[in-house]
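Trainee: What follows is a single structure, and I will ask about it in a moment.
The values are calculated or read from the model by the stated rules, or taken from the named source; none is laboratory data. For clarity, every value in this text was computed on a predicted model and none was experimentally measured. When we count neighbours, we look across all protein chains shown, and the Cβ atoms used for this are built from the backbone with ideal geometry, even at glycine. For accessibility, only protein heavy atoms count, side chains too; no ligands or nucleic acids. Shrake-Rupley method; radii C 1.70, N 1.55, O 1.52, S 1.80 Å.
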Amino acid sequence: MAARTSISDVDAQIEKLFERRRLMVAKAAGRFARAATKSGLAEMEIADEELDRIFEEIAARFRKGEKKGAPGASAPRRQPSGETGTATEVSHDG
């Protein structure tokens, strides 16, 4: 018979998941901030609505690329050295 889970156990799991989500969002935000700074976008006066539209276009472009490849495969990404590699080979630690 399985052990009974208490409400406090579930609450603790939820809290851990929220913390994990917060860290994932912060990591993603850091990646995009570095890219924006490196490309010069961070210094440009671009309205939030325009940025939202541009990022939606970029996301759609990469989603199309995912559908073309094999299941579970990602499109090659350009590394700083100019070579290509899979997403697991690219460091995003700046």
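Trainee: DSSP loop (so not H, G, I, E, B), at most 12 other Cβ within 10 Å: list which GluC sites (Glu not before Pro) in region 15-71 pass both filters.
Mentor: 45
Trainee: How big is the accessible area of residue 6 in square angstrom, nearest 10, if you roll a 1.4 angstrom probe over the protein chains?
Mentor: Rounded to the nearest 10, the figure is 50 Å².
Trainee: Further question: Through the Karplus equation 6.51 cos²θ - 1.76 cosθ + 1.60, θ set to phi - 60°, convert the phi angles of region 30-37 into ³J(HN,Hα) values in whole Hz; use x for Gly and Pro.
Mentor: Using θ = phi - 60°, the values come out as x, 4, 5, 5, 4, 5, 5, 5 Hz.
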